[in-house]
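Below is one structure, written out as structure tokens, with a few remarks after it.
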Amino acid sequence: MPTYRPSHGGNLVWAASLANCSPDAILDFSASINPLGPPASAIAAIQAALGDLNAYPDPTYSQLCHAISDFHQIPPDWVLPGNGSAELLTWACRELADLDVTYLLTPAFSDYRRALTAFSATIQECPLKDFRVPSFEFRVSSGDRSGLLLNNPHNPTGQLFTRDAIAPYLDQFELVVVDEAFMDFLPPGEEQSVIDWVQQHPNLVVLRSLTKFYSLPGLRLGYAIAHPERIQRWQQWRDPWSVNSLAAAVGSVILQDTAFQQQTWDWLAATRPEFEQQLDNIPGLQPLSSAANFFLVHSDRSVPELQAKLLKHNQILIRDCISFPELGDRAFRVAIRTAEENQRLIDALSSAMGNGD
């Protein structure tokens, strides 16, 4: 087994080395990507933009910013596209690091610590008290210039925090960064986005990903919504042309693809409850209910061993939670895929959990 363990999902080269197969043969449940995409509108946009590869992208990304601003009904100068939301997280953490302390709800996505540590931020970890209850509480030290980094829905538990739960902290923290990478998996009547608060709260930043919902992780595209002064500051920090022309072309059209959005919401609403029940029926596994397109599953067996077994015998990759120190080696995360693919995982898990081979 390779000594390097990936800290993210979706490392198919690593998985294939364990399964002794081609990366294309791996059925990937480790990365929480929409199995229905990429949408036809994205492929068409890429094909139409191929002739533009001999020119630099528009450095202002005007068309893309206007598409995002129209979608969220905000001015375009409040929008900053990025090379995935990961790039924008880096600049958010640079600003958080300038404060006395940053409060971080744990377990937390490993890139949060990476980005905060890169700028020598002081981190105050605040454990999520009950993984089954979407609630949290931060006790802020008086006199500190403090920031808050939060994701909603929460990764890795899938819990959805209400806007009412977040609202009080906008007055307590000098900077609040809300990562909504999985929010678009909730239909408009269920989501708890705080994007519409940004114009009233200059201390609020919202990060969004366009690669998970639209199944485009290889293209790398996300955006931040924040006060124009903050947007301008981040633009001065980063490299020019962070978003390539193909990604910019795709981002300009996919937010208008209402048919694909509805198809995704219908698929997830129909598939998620059945998949949760199937996981729960396997002795030794306890999935947590989730508002997102993934489940956190507690296991009474070692997950690295289970992960290796699934790769070697079934060419299936699940996401171990070693990079979430609070979870240790008895939890894993799985994306929700198509009913047929989910059944393949259920059969493999049932076999793997039923014997010690």
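The values are calculated or read from the model by the stated rules, or taken from the named source; none is laboratory data. For clarity, every value in this text was computed on a predicted model and none was experimentally measured. As a convention, Cβ positions derive from the backbone with ideal geometry for all residues, glycine included, and neighbour counts pool all protein chains shown.
Scan 148, 175, 160 and give me the residue that is more than 29 Å from residue 269 (Cα to Cα) and surrounded by fewer than 24 Cβ atoms within 10 Å (Cβ to Cβ).
Details: 148 fails: surrounded by fewer than 24 Cβ atoms within 10 Å (Cβ to Cβ); 160 fails: more than 29 Å from residue 269 (Cα to Cα).
Going through 148, 175, 160 in turn, the sole match is 175.
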**Complete:** Among residues of the range 183-217 being at pLDDT 95 or above and of a type in the set (Gly, Ala, Ser), the residue farthest from the chain's Cα centre (by Cα) is 193
**Message:** Could you check the range 244-277 and list, in sequence order, the residues that are under 25 Å from residue 84 (Cβ atoms), in contact (Cβ under 8 Å) with a residue 12 or more places away in the chain and hydroxyl-bearing (Ser, Thr, Tyr)?
**Reply:** 245, 252, 264
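So that you can scan it fast, the table gives a plain yes or no per residue for (1) touching a Gly at 6+ places or on another chain (Cβ under 9 Å); (2) acidic (Asp, Glu):
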| residue | (1), (2) |
| --- | --- |
| 170 | no, no |
| 173 | yes, no |
| 180 | no, yes |
| 187 | no, no |
| 195 | no, no |
| 198 | no, no |
| 201 | no, no |
| 206 | no, no |
| 211 | yes, no |
**Complete:** With the first residue restricted to the range 39-54 and required to be in the same structural domain as residue 252 (by TED's automatic domain parsing) and farther than 19 Å from residue 217 by Cβ, and the second required to be surrounded by 14 or more Cβ atoms within 10 Å (Cβ to Cβ) and not basic (Lys, Arg), Cβ contacts under 6 Å at 6 or more apart or on different chains are 52/245
**Fill in**
Across the range 186-213, the tally of residues that are in a strand (DSSP E or B) and either assigned by TED's automatic domain parsing to the domain that holds residue 293 or in contact with a helix residue (DSSP H, G or I) (Cβ under 6 Å, 6 or more places away or on another chain) (or both) stands at 5
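Report, by residue number, each residue of the range 178-189 that is of a type in the set (Gly, Ala, Ser) and surrounded by fewer than 21 Cβ atoms within 10 Å (Cβ to Cβ). Lay out the reasoning, then the answer.
Residues of the range 178-189 that are of a type in the set (Gly, Ala, Ser), as a first pass: 181, 189.
Listed by number, the list holds a single entry, 189.
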**Request:** May I ask you to list the residues in the range 157-176 that are within 25 Å of residue 221 (Cα to Cα) and either modelled with pLDDT under 95 or over 14 Å from the mean Cα position of the chain (by Cα) (or both)?
**Result:** 161, 175, 176
**Request:** Just name the residue that is nearest to residue 235 (Cα to Cα) out of those in the range 87-112 that are part of a helix (DSSP H, G or I) and modelled with pLDDT under 95.
**Result:** 111
**Request:** Return only the number of the condition from (1) surrounded by 14 or more Cβ atoms within 10 Å (Cβ to Cβ); (2) outside the structural domain of residue 316 (by TED's automatic domain parsing); (3) not in a strand (DSSP E or B) that residue 21 does not satisfy.
**Result:** (2)
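Let me confirm something: among 137, 229, which residue is part of a loop (DSSP other than H, G, I, E, B) and charged (D, E, K, R)? Walk me through how you get there before you give the answer.
Working: 229 fails: part of a loop (DSSP other than H, G, I, E, B).
None of the other options fit; the residue is 137.
Residues 285, 221, 216: which one is buried (at least 20 other Cβ atoms within 10 Å of the Cβ) and outside the structural domain of residue 71 (by TED's automatic domain parsing)?
Details: 221 fails: outside the structural domain of residue 71 (by TED's automatic domain parsing); 216 fails: outside the structural domain of residue 71 (by TED's automatic domain parsing).
Answer to the check: 285.
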**Item:** Selection count, the range 278-318, where residues are in contact (Cβ under 8 Å) with a residue 60 or more places away in the chain and among the charged types (D, E, K, R)
**Value:** 1
**Item:** Flag for residue 320 being touching a helix residue (DSSP H, G or I) at 6+ places or on another chain (Cβ under 6 Å), of a type outside the set (A, V, I, L, M) and surrounded by 21 or more Cβ atoms within 10 Å (Cβ to Cβ)
**Value:** yes
**Complete:** All conditions in (1) among the polar types (S, T, N, Q); (2) touching a strand residue (DSSP E or B) at 6+ places or on another chain (Cβ under 7 Å); (3) more than 19 Å from residue 90 (Cβ to Cβ) are true of residue 200 except (2)
**Candidate set: the range 317-351, residues that are aliphatic (A, V, I, L, M) and in a strand (DSSP E or B); chosen: the one nearest to the chain's Cα centre (by Cα)** = 335
**Message:** Whether any residue in the range 56-77 is over 30 Å from residue 227 (Cβ atoms) and aliphatic (A, V, I, L, M) is what I want to check.
**Reply:** no
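Suppose the filter is closer than 28 Å to residue 252 by Cα, touching a residue at least 40 places away in the same chain (Cβ under 8 Å) and either loosely packed, with under 15 Cβ neighbours inside 10 Å or touching a strand residue (DSSP E or B) at 6+ places or on another chain (Cβ under 6 Å) (or both); does residue 105 pass it? Break it down into steps so the answer makes sense when it comes.
Details: closer than 28 Å to residue 252 by Cα: no; touching a residue at least 40 places away in the same chain (Cβ under 8 Å): yes; either loosely packed, with under 15 Cβ neighbours inside 10 Å or touching a strand residue (DSSP E or B) at 6+ places or on another chain (Cβ under 6 Å) (or both): yes.
Taking the combined requirement at face value, the residue does not satisfy it.
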